[in-house]
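The values are calculated or read from the model by the stated rules, or taken from the named source; none is laboratory data. Here the structure is a predicted model, which means the values were calculated and not measured. Every residue, glycine among them, receives a Cβ derived from its backbone with ideal geometry; neighbour counts consider all protein chains shown.
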Amino acid sequence: MRIPESVATVPAQPATSTGARSSTDVLLQARGVTKRFGGLVAVRDVDLDIPKGGIVSIIGPNGAGKTTFFNVVAGIIDPTTGSVGFRGRPLITRPRRTWLEPLLWMLPAVVMILAALALGVLDRGESVISIAGIAIVGVLAATLLLAIIRPTRYTRLMERLGILRSARPNDVVAAGIGRTFQNIRLFQNMSALENVLVGMHLKLRSNLLDHLVSSPRQRRDEEAAARRAGELLALVGLGGRKDELAKNLPYGDQRRLELARALGNDPVLLLLDEPTAGMNPAETAAMTALIGRLRRDLGLTILLIEHDMRVVMGISDHILVLDHGEQISEGSPDEVRRDPKVIEAYLGTAPT
Amino acid sequence: MSAVIQGPARSLPGGPGLRRRLRDLAAQHRSLSVLIGMAVVTVVLPAVALLPPLSSFSGLNVWIDGFTIAGIFVLLALGLNIVVGLSGLLDLGYAAFFAIGAYTYAFAASPFTGNDFPFWPMLLVGALMAATFGILLGAPTLRLRGDYLAIVTLGFGEIVPIVILNSSKYTDGPNGIGGISPPTIGDVVFPTTGNPWPFYLTMIALITLSMILIYRLQDSRLGRAWMAIREDELAAAANGVNTVTTKLLAFALGASTAGLAGVFLASKLQTVTPNLFRFDVSFTVLAMVVLGGMGNVWGVAVGAFILFMIQSVFLKQLNIFFDNVHVPILSDLDFLQYQFLLYGIALVGMMLLRPEGLFPSRRRRRELHTEEDQAFGEHGDPLGASPE
């Protein structure tokens, strides 16, 4: 099945052989990615090149750090060290300028103090406000200092306060990377069509003014988007169920809907986190075929985490094996299958 | 989009087929249906007030005046619905933006400051001012989730009236600012006593405009992004929604509606005092949104109207009734003093019996009443084993 619009925007790539990986062919380049959670090293020094048009899989026993690595690439968590380049540009590096964040926090307090000064409240010794204001600024300044001196503790504090670093993942999406989640994260109470429409968020160009006056551009935009979303749903085999709430879809369909949603922004690279988890053999085969078709028809490059070895060995060009956060093997499916280190990681050491 | 026009569609006779066709028609011509609905409301409300039990409470003019004030709360509820109902951000300090709108107009057109700017452009200025403060409050706090956001907004809602109270040099503190100019059209000044119709019709126009705009926002990509954030913020971000700016816009637009209501209030009452914007306003409006049916524009409007009428008419009449009819305990009660107790009971009862609100959006009803579907649709790890 072909869908016309996206093919025009994404240059179709022939499935490249794994051997030929010159620097121009590399779509995503991870270098020395390390992620520490406190004392635990979830991912240690992982390098990965994803060639254009390839299907690369990450495998490893439970707790190997696959999803952590995935989340780093998707911009959801920051790497402790290392960087990820996408289409030759650095995409994710170690976070910097975190000191901007508390400055943002201070802004209202500063404005309030200035306003109080301007209104002459402080002059006349209305001390309650001034003391409260100074206290607020003091606390915030302490936060700022903490952020500079102890960034990890600051991050933990921020996390404890419930602060999301939510500005990052959408930049990754804008760069052309789409993703699905291991445990499906659909917008449960929105229809299948609306889910895909949210997935197309960055493709819609209408702005607030367009929304308010319901301009021709807005209407054109919406119509085109609804059509395209319908096509995407048809592509994953959900053409007839677009008005159903996402949560009412059967499990396999939810997985496919998530895939359709991830395709909404016309990604170049698709990150699939266990796309066949919990599926029966028939559903797994259908999903595998769908992934192969996405690569062929849309020219997508795919990075995959998967436990089902039949899927992995069947469709991957290249496999990266992680164990305890470390890269223990890398190569074509045949190479990996024969690697004694991989066998050891999965089955333990053979008795001597 | 499944938000439904509830008012007129409900009252019409006819089978479910007709009702559905009307509903679809309303969804296709949203703005027109809002116009028609509000036109009906404009005529029906005064007519109802002329009917026997209601006409005995007070004269028509007093009723119209009451409807106008009720309209202010409808506006507030419509705005808060954007923040709470659509985007899922719990805002407990909404009255602050109301205050900012009201004081903006008070500064712009009262003998206290010596300015006399015209009312109509000030509506826009008040809305913009409130939106600015919405962004100012939102920028640092919208990274917070759930309860934390509620606490910070609660604080903001308390701070604004206190700042107004204490900056007496500029706001005349607890006395408030009086003598605010009423609106004018040409040379005609809106009468502040007597004929209540100009204010009433202005209010209707403001509500109609807000409803149309809110419906449009709700059906746009921005509206979908709001709902996506309400459903799953991380997934929304992973689909390209800039969650920070989207939430800021929800805050700003919600606040601007409150600013509008504030400007209108100032011109209607011709005096503003910090006491008008205490926490109970925020809470009442929140109760209106929840009772009316979060996320449904018409539902919230009707919920706000009903709750205001209960508070301002029903409880008062109950007091008068029990003053005349001597029932041992009830006659000693001042029902108005127990209105928050009553709200609380109503909210708890609501959560138990009808969590989607009195007039839910179709979406919301489906959300909360598909228990057997939910058992199937519940996602998560189907094998019960979650690797990593």
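Assorted remarks:
- One residue stands out among those in region A:147-190 that are touching a helix residue (DSSP H, G or I) at 6+ places or on another chain (Cβ under 7 Å) and of a type in the set (Ser, Thr, Tyr): the one that is modelled with the highest pLDDT, which is A:THR180.
- Residue that is nearest to B:THR208 (Cα to Cα) [pool: residues in region B:47-61 that are without any contact (Cβ under 8 Å) to a residue 40 or more places away in the chain and surrounded by 13 or more Cβ atoms within 10 Å (Cβ to Cβ)]: B:ALA49
- Out of B:GLY114, B:GLY146, B:GLY157, B:GLY179, sole residue that is crowded, with 20+ Cβ neighbours inside 10 Å and of a type outside the set (Lys, Arg): B:GLY157
- The set of residues in region B:259-279 being closer than 21 Å to A:LEU209 by Cβ and either aliphatic (A, V, I, L, M) or within 14 Å of another protein chain (Cβ to nearest Cβ) (or both) consists of B:LEU260 alone.
- For region B:220-233, the set of residues classified as in a helix (DSSP H, G or I) and either touching a Lys or Arg at 6+ places or on another chain (Cβ under 7 Å) or more than 15 Å from A:GLN188 (Cα to Cα) (or both) consists of B:ARG221, B:LEU222, B:GLY223, B:ILE229, listed by residue number.
- Scanning region A:39-60 for residues that are in contact with a strand residue (DSSP E or B) (Cβ under 6 Å, 6 or more places away or on another chain) and within 14 Å of chain B (Cβ to nearest Cβ) gives A:ALA42, A:VAL43, A:ILE58, A:ILE59, A:GLY60.
- Region A:220-250: number of residues that are of a type in the set (Gly, Ala, Ser), free of Cβ contacts under 8 Å to residues at least 40 places away in the same chain and more than 10 Å from chain B (Cβ to nearest Cβ): 6
- Sole exception among (1) modelled with pLDDT of 80 or more; (2) under 22 Å from the mean Cα position of the chain (by Cα); (3) more than 28 Å from B:VAL160 (Cα to Cα) for B:GLY344, by number: (3)
- Top-ranked residue of region B:158-168 - restricted to ones that are assigned to a helix (DSSP H, G or I) and either under 15 Å from B:ALA252 (Cα atoms) or more than 22 Å from the chain's Cα centre (by Cα) (or both), ranked as nearest to the other protein chains (Cβ to nearest Cβ): B:ASN166
- Of all the numbered requirements in (1) more than 16 Å from A:MET200 (Cβ to Cβ); (2) aliphatic (A, V, I, L, M); (3) facing chain A (nearest Cβ under 8 Å); (4) without any contact (Cβ under 8 Å) to a residue 12 or more places away in the chain, B:LEU209 misses one, and that requirement is (3).
- Identity of the residue in region A:251-289, assigned to a strand (DSSP E or B) and within 10 Å of chain B (Cβ to nearest Cβ), that ends up farthest from A:ALA174 (Cα to Cα): A:ASP273
- B:PHE314 being touching a residue at least 24 places away in the same chain (Cβ under 8 Å), outside any loop (DSSP other than H, G, I, E, B) and aromatic (Phe, Trp, Tyr): no
- Region B:234-244, subset crowded, with 21+ Cβ neighbours inside 10 Å and part of a helix (DSSP H, G or I), residue farthest from the other protein chains (Cβ to nearest Cβ): B:ALA236
- Residues that are within 14 Å of chain A (Cβ to nearest Cβ) and not in a helix (DSSP H, G or I), drawn from region B:16-55: B:HIS29
- Subset of region A:177-209 that is part of a helix (DSSP H, G or I) and facing another protein chain (nearest Cβ under 7 Å) - its residue that is farthest from the chain's Cα centre (by Cα): A:LEU208
- A:LEU259 being in contact with a Ser or Thr (Cβ under 7 Å, 6 or more places away or on another chain), closer than 27 Å to A:ILE59 by Cα, aliphatic (A, V, I, L, M) and touching a residue at least 24 places away in the same chain (Cβ under 8 Å): yes
- Qualifying residue in region B:189-205 (condition: within 14 Å of chain A (Cβ to nearest Cβ), in contact (Cβ under 8 Å) with a residue 60 or more places away in the chain and either outside any helix (DSSP H, G or I) or buried (at least 21 other Cβ atoms within 10 Å of the Cβ) (or both)): no
- Of the residues screened, B:ALA228 is not one that is buried (at least 23 other Cβ atoms within 10 Å of the Cβ), in contact (Cβ under 8 Å) with a residue 24 or more places away in the chain and either more than 12 Å from chain A (Cβ to nearest Cβ) or not polar (S, T, N, Q) (or both).
Residues checked against (1) more than 18 Å from A:PRO169 (Cβ to Cβ); (2) out of contact with any Phe, Trp or Tyr (no Cβ under 6 Å at 6 or more places or on another chain); (3) touching a residue at least 12 places away in the same chain (Cβ under 8 Å); (4) among the polar types (S, T, N, Q):
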| residue | (1), (2), (3), (4) |
| --- | --- |
| A:ASP49 | yes, yes, yes, no |
| A:LYS52 | yes, yes, yes, no |
| A:ILE58 | yes, yes, yes, no |
| A:ASN62 | yes, yes, no, yes |
| A:THR67 | no, yes, yes, yes |
| A:VAL72 | no, yes, yes, no |
| A:THR81 | yes, yes, yes, yes |
| A:GLY85 | no, yes, yes, no |
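- Those helices (runs of 4 or more DSSP H) of region A:290-351 that lie entirely within it include none in which at least 1 residues are under 20 Å from the mean Cα position of the chain (by Cα).
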